[in-house]
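A.B. asks: Just passing along the structure, written as structure tokens.
Values in this text are rule-based calculations from the coordinates and carry no lab data. Quick caveat, the model's predicted, so the values are computed rather than measured. Here the Cβ is made from the backbone with ideal geometry for all residues, glycine too, and neighbour counts use every protein chain on show.
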């Protein structure tokens, strides 16, 4: 085959080149532009043997063919890539992806929700932005009570008073205003207090509060409820109730457990003050009730032996990855 026939054959191959895969393009490139045996490559190496009168003309043609081949390769490569990008074969096995983990606060929160549902409590949600009446006054917290002070509460507006709720007890008030006893309810969510961030305190934390209102509800009912809940969370542990004071319960108590060879405070509780029931138009001569509340961060720190509350909010993957086996 002479030079003209070879050139025409190359032109014809370029013209009718219609690859279906990236592999077809690679074979085409090697066939014509391969460093050792590519047709164009060998042709260029042999150009010195062509008569001088034809050498320049053949050289120009070969350079033009080389550029056409590169352009053909690029256009078809882009075309096939775009086609493949829009295809998705559901039969192809997916790539392995490392499974994440629930946040430890979410793990303990879900355990508490499950326990309370099992005990017959119903979950209700409420506002994180509250007014003074629902957050303080209706809960029998007097005007001069320290929790009303600006150093404890994030006030958004002073006239009228709007604030970030300092506890989930405000949900209790809103629910009791709209519903008649008997009811057995809990609320759970974020609360906010103007506290200095340290290893054991933060300006935002999660709180759960349960309350039960019915005829003849007693402190014995409260103790049995808390005992059962603690046993499900910690197993069989010693529990003690210490006399305490909360404006919205009377009598009130702090609950401690003997855990890891020491007494640890885990929640507050008490019989709902009759005045609180009157504030939401419930007959305190006919109905009584109890309430309890606990901080989820504190409970999580105890269960997982975590010493610094700040680590909950740092999103450190080394810390979070330790909880993969929890779900």
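A.B. asks: Taking R0 as 35 Å, what FRET efficiency do you get between residue 29 and residue 91 from their Cβ-Cβ distance, rounded to the nearest 0.05?
C.D. replies: That pair, residue 29 with residue 91, gives E of 0.70.
A.B. asks: Stretch residue 13-residue 75 to full length: gain in nm at 0.36 nm per residue minus the Cα-Cα span?
C.D. replies: Gain on extension, residue 13 to residue 75, equals 20.8 nm.
A.B. asks: Find the all-direction average of the projected area of the Cα convex hull for the stretch 73-167, expressing the result in square nanometres with one decimal place.
C.D. replies: 15.1 nm²
A.B. asks: Turning to a different aspect of this structure: Looking at the square roots a ≥ b ≥ c of the eigenvalues of the Cα gyration tensor of the stretch 176-260, which shape do they give, rounded for a/c under 1.5, prolate if a/b is larger than b/c, or oblate?
C.D. replies: In terms of gyration-tensor shape, oblate.
A.B. asks: A further question follows. Counting DSSP beta bridges in the chain, what percent are antiparallel, to the nearest 5?
C.D. replies: Close to 95 percent.
A.B. asks: Also: For the pair residue 177/residue 82, report the inter-label distance in nm, with labels modelled 7 Å from Cα in the Cβ direction.
C.D. replies: So the two model labels end up 6.1 nm from each other.
A.B. asks: Then there is this: In Å, what is the Rg of the alpha-carbon atoms in the stretch 3-85, and how long is Dmax?
C.D. replies: Rg then Dmax for the stretch 3-85, in Å: 14.1, 50.
A.B. asks: Then there's this: What are the semi-axes of the equivalent ellipsoid of the stretch 213-306, taken as the square roots of 5 times the eigenvalues of the Cα gyration tensor, listed largest first and rounded to whole Å?
C.D. replies: Its equivalent ellipsoid spans semi-axes of 28, 13, 11 Å.
A.B. asks: Mean separation of Cα pairs under 8 Å and 6+ residues apart, divided by the residue count of the chain: what relative contact order is that in percent?
C.D. replies: 16 percent
A.B. asks: What number results when the radius of gyration of the stretch 176-225, computed over Cα atoms, is divided by 2.2 N^0.38 Å?
C.D. replies: Compared with the compact-globule rule of thumb, the stretch 176-225 sits at 1.60.
A.B. asks: Using the alpha-carbon atoms, what tilt in degrees (0 to 90, nearest 10) does helix 3-15 show relative to the longest principal axis of the chain?
C.D. replies: 20 degrees
A.B. asks: Against the longest alpha carbon principal axis of the chain, how many degrees, from 0 to 90 and to the nearest 10, is the axis of helix 104-118 turned?
C.D. replies: The answer is roughly 50 degrees.
A.B. asks: While we're here: Report the residues of the stretch 133-153 in range of a label on residue 201: point 7 Å along Cα→C-beta, backbone N strictly under 15 Å from it.
C.D. replies: Backbone N within reach: 146-153.
A.B. asks: Just from its helices, what would the mean residue ellipticity at 222 nm be for the chain, if runs of 4 or more DSSP H residues each count -39500 (n - 2.57) and the sum is divided by every residue, rounded to the nearest 500 deg cm²/dmol?
C.D. replies: -12500 deg cm²/dmol
A.B. asks: Would you report the distance distribution of C-alpha pairs in the stretch 104-326 as whole percents per 10 angstrom bin, up to the bin with the largest distance?
C.D. replies: Histogramming the stretch 104-326 at 10 Å steps yields 7, 32, 37, 19, 4, 0 percent.
A.B. asks: A further question on this structure: Using only Cα atoms and rounding to the nearest 10 degrees, what angle (0 to 90) does helix 169-178 make with the longest principal axis of the chain?
C.D. replies: 80 degrees
A.B. asks: Still on this structure, I have one more. If r is the Cβ-Cβ distance from residue 245 to residue 283 and R0 is 22 Å, what FRET efficiency results, to the nearest 0.05?
C.D. replies: 0.30
A.B. asks: Here's another thing I want to ask about it. Calculate the spin-label point distance for residue 60 paired with residue 237, positioning each point 7 Å from the Cα along the beta-carbon direction, and give it in nanometres.
C.D. replies: About 9.3 nm, to one decimal.
A.B. asks: So what's the gap between the Cα centers of the stretch 101-159 and the stretch 1-59, to the nearest angstrom?
C.D. replies: One Cα centre to the other: 80 Å.
A.B. asks: Still on this structure, please answer the following. Put a dot 7 Å past each Cα toward the Cβ at residue 275 and residue 147; how far apart are the dots in nm?
C.D. replies: The answer from the label model is 1.3 nm.
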